[in-house]
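Student: There's a structure below that I have some questions on.
Derivation of every value follows stated rules applied to the coordinates shown; laboratory data play no part. Given the structure is predicted, the values throughout are model-derived calculations rather than measurements. A quick note on method: Cβ atoms are made from the backbone with ideal geometry, for glycine too, and the neighbour counts reach across all protein chains shown.
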Amino acid sequence: MPTPAQLVPFRRLVSGLSVVWLVVLLVTFGLRAGFALDLEWMEGGTLQQAMRILYGLPIYERPSLDFVPFLYTPFYSAVLAALGTVFPLDYTLGRVVSIVAWLATCGGIWQIVTAEGKPRAHALAAIGLFCAGYVFSFRWYDIARPDMLMLALTVWGLYFLRHSQQSARRAVIAGVLMALAFWTKQTAAVLIFVSGVGGLMLARTHLWRYVLTIFVIDAIGVYAGMWMTENWLWTYIYELHQSHAFNAERFYRKTWGMFAHAAPFLLLWAGVLLGQRGAELGKRLRAAEKVVPACFSELAARCRDGTGFWLLLALAGLLVSALGYSTQWAEPNAFIPGVCFVAIWLGVTLPTGRLERAGLLLIAAQLVFALFVEPFYQPIQQHGVARGLGLSYRLMDPMRTLPSAQARQQAQQVRESLYAQEGEVFAFHRPWWSVLAGGPGHVGSMGLNDIPVRDRSRLRLELRTAIRAGRYTTLWFDRNPPTWLLPVLTDRFRLAARLTGDQRLLPLTGYMSAAGMVTPYRDPQLVFEWIPEHDAVPAGVEVLWDFEQRDLRQFFPSIKGGAFTRSSVSGLHGVTRHRKRRNRAVGPHGGKALGSSAASRSGLAGLGKLASAPITVRAGEQLSILLGYAGTSAGLRVELNRVDIGDQPVVLPFGRNTPEWTLTRVVWRVPEAWDGAEVSLHVVDDSPHGAVFVDDFWRHLAG
């Protein structure tokens, strides 16, 4: 058995690594907290809910165009609203609350482990393991969401319950904290129930005070809330949850596989620990005269010394994780309770004798592993352990967590553009952007998905009516607009910007983020603007053809093939690709219409050619046109042909590095040799896999 002096280096190693993790997360949180826009795509909806509480508006009411709440209890939003009377209510405030809650959780873990008589190194080990779960739980600790506040309340509530045997006051405090945890997020209900079972092991004298406190705050509180909101509270926090599908494969297999995959050294330590405890128990049972009473005696002893209590809560945390992750649209933030309470249990059960060195070494290995390696479970799920294990671990990339300088600049630019917005903004996935632009906020995509079908249909109609009436001047979408919005967009809006690749302002956590998607999120961000009555034309420009006259034959008397229809089309029109016809947004373009070789039933497969009536050009002037393509640009041409002598045509190039579906202006200067020539514009689609888009053919007069 190692002496205490021999264990000091190992305790220092684990303590040092845990401190490293604390510092790493503090630096990470500091670099993320002030990010100008969403770190996670639902942060804004949480802020909108807090804003309504701040202004005295109801949050649990009939779904409306201006607001539909998330399906959570309201305490986190209420905390933000209270702080919003002193500080600006914005992303940073929400994140600071979560960071403070994370620090409180770490303090609670320290208090729990040391109160069980364990060395400080063991408490630091538990804190380090909790911090090391940050990436595994998808970087959720510091975002403006209720998870971390719920966890902090739960950890401290359970600490007070564990030590409430001789203290009525502590039992009441524990009840208040656990009740508030439920009002922060409903998943605390499972932990409340299990804590009651654990309380029977430890605190029977004052357990009734604990239970009564929770009953008054939660049960009576819910009934009062139902009465005050005409049952809408219960609808949002319970009934609508029941409409979400349950993923049995995640519950029975994937959750446990992901925990084991992310913590291989802890899995090994758990095997060692259980083997050692099993051997000790076997010895005592063989020495006992009666086996069954000895088993009960051993169980009672484990309960009284706290080991059984924290094991029960660790199992409850894992159950909460599995249940949460198995719910439709769930993210791996559901794993946070399991990570936390397993870390507490490991800190409490880490022996201080013969096996301590082995435990400390394996915990140190896990802390180092989590610092440098990011687990990806999907290869194992797809190919099995034998083929997928080697692909399932990658070196940690800090830039998957931290906003780059480019992302910060983009976020600030978008925020400033929202401040400068003259009309209301509708951002389908980011309702807080409406508030930043001076509006009241609006229903978001998540809210429309959550509510019953009858309310969803009503709100869709109201939203289409509001957009058609001109309530919003700018629309933001993080993917192609939903089909039910296309008719009104076609009539009133045009694409102002298509952001792809690094141009997009994607979240850094959860859905859409590079760190939160198994399959990378490739959809563009689309910005639509209200179409003005008349587009301003620069001075010195003659509009040769702007495609606003729907009949293309007025300018293109020759239309060949099936790719081009006889009329110009909206920037949102159906495109057949891979046998599926979908409405695609093409732009930016001028006016309401443009020319497209993808608007026919053939879609991208269509072939054809437009040839314009001749125009006379003069040397020194410039001709320009908006050009774009989809699919492949090979086989697509836009040409200027001399009618009089049939010289080799001038091919106008597509914009360099221009993404699909995007139009950019191409300019060509008329040379001296073409002075007085008659020129015809030809738009050619000879590609069965591509389409060409054209608009606003201009003459820039020589100055």
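Student: Which of rounded, prolate, oblate describes region 523-568, given a ≥ b ≥ c as roots of the alpha-carbon gyration tensor eigenvalues and a/c under 1.5 marking rounded, otherwise prolate only if a/b is larger than b/c?
Tutor: Oblate, because a/c is 1.5 or more while a/b does not exceed b/c.
Student: Grab the beta carbon distance between Tyr419 and Arg458, set R0 = 30 Å, and tell me the FRET efficiency rounded to 0.05.
Tutor: Details: r = 32 Å, r/R0 = 1.07.
My answer for the efficiency is 0.40.
Student: Okay, next question. Roughly how big is region 541-700's charge dipole about its Cα centre, with Cβ charges of +1 (Lys, Arg) and -1 (Asp, Glu), in debye to the nearest 20?
Tutor: On the way: 20 positive and 16 negative charges, 213 e Å.
Here the size comes out at about 1020 debye.
Student: Calculate I(q)/I(0) for region 541-700 by the Debye formula, one identical point scatterer on each C-alpha and no solvent, and give its log10 at q = 0.09 Å⁻¹ to two decimals.
Tutor: Taking Cα atoms of region 541-700 as identical point scatterers yields -0.26.
Student: Could you work out the local net charge near Ile109, counting Lys and Arg as +1, Asp and Glu as -1, over the other residues with Cβ closer than 13 Å to its Cβ?
Tutor: Values: positive: Lys118, Arg120, Arg162; negative: Glu116.
Net local charge, Ile109 excluded: +2.
Student: Let me know the charge dipole size of the chain about its Cα centre in debye, to the nearest 20, where only the beta-carbon of Lys, Arg (+1) and Asp, Glu (-1) is charged.
Tutor: Numbers: 67 positive and 50 negative charges, 526 e Å.
Dipole size: approximately 2520 debye.
Student: Would you mind putting 664-676, 13-25, 113-125 in packing order, based on average other-beta-carbon counts within 10 Å, highest first?
Tutor: Working: 664-676: 13.5, 13-25: 18.3, 113-125: 20.8.
Final packing ranking: 113-125, 13-25, 664-676.
Student: Using the Cα centre of the chain as origin and beta-carbon charges of +1 (Lys, Arg) and -1 (Asp, Glu), tell me which of Leu7, Ala152, Leu212 is placed farthest towards the positive end of the dipole.
Tutor: Farthest along the dipole direction, towards plus: Leu7.
Student: Per 10 Å bin, what percent of the C-alpha pairs of the chain does each bin hold, from zero upward?
Tutor: The calculated distribution, bin by bin, is 3, 13, 20, 20, 16, 11, 8, 5, 3, 1, 0, 0.
Student: Let me ask something else. Where does each of Phe10, Phe547 land when they are ranked from fewest to most other beta-carbon atoms within 10 angstrom? If you can, show how the numbers build up before the last one.
Tutor: Working: Phe10 19, Phe547 23.
Arranged by neighbour count, lowest to highest, Phe10, Phe547 become Phe10, Phe547.
Student: Given a Förster radius of 30 Å and the C-beta distance between Phe193 and Arg120 as r, what FRET efficiency does 1/(1 + (r/R0)^6) yield to the nearest 0.05?
Tutor: It comes out at approximately 0.40.
Student: Ok, one more. Going by how many other Cβ atoms sit within 10 Å of their own, how do Ser558, Ser568 line up, fewest first?
Tutor: Working: Ser558 12, Ser568 25.
Fewest-to-most Cβ neighbours within 10 Å comes out as Ser558, Ser568.
Student: Under 20 Å from the Cα of Lys185, which aspartates and glutamates turn up, not counting those fewer than eight places away in the same chain?
Tutor: The qualifying aspartates and glutamates are Glu40, Glu43, Glu61, Asp142, Asp147, Asp218, Glu239, Glu331, Asp450.
Student: Right, another one. Along the charge dipole of region 541-700, which of Leu594, Ile615, Gly574 sits closest to the positive end, that is, farthest toward it, with unit charges on the beta carbon of Lys, Arg, Asp and Glu (+1, +1, -1, -1)?
Tutor: Working it through, the farthest residue towards the positive pole turns out to be Gly574.
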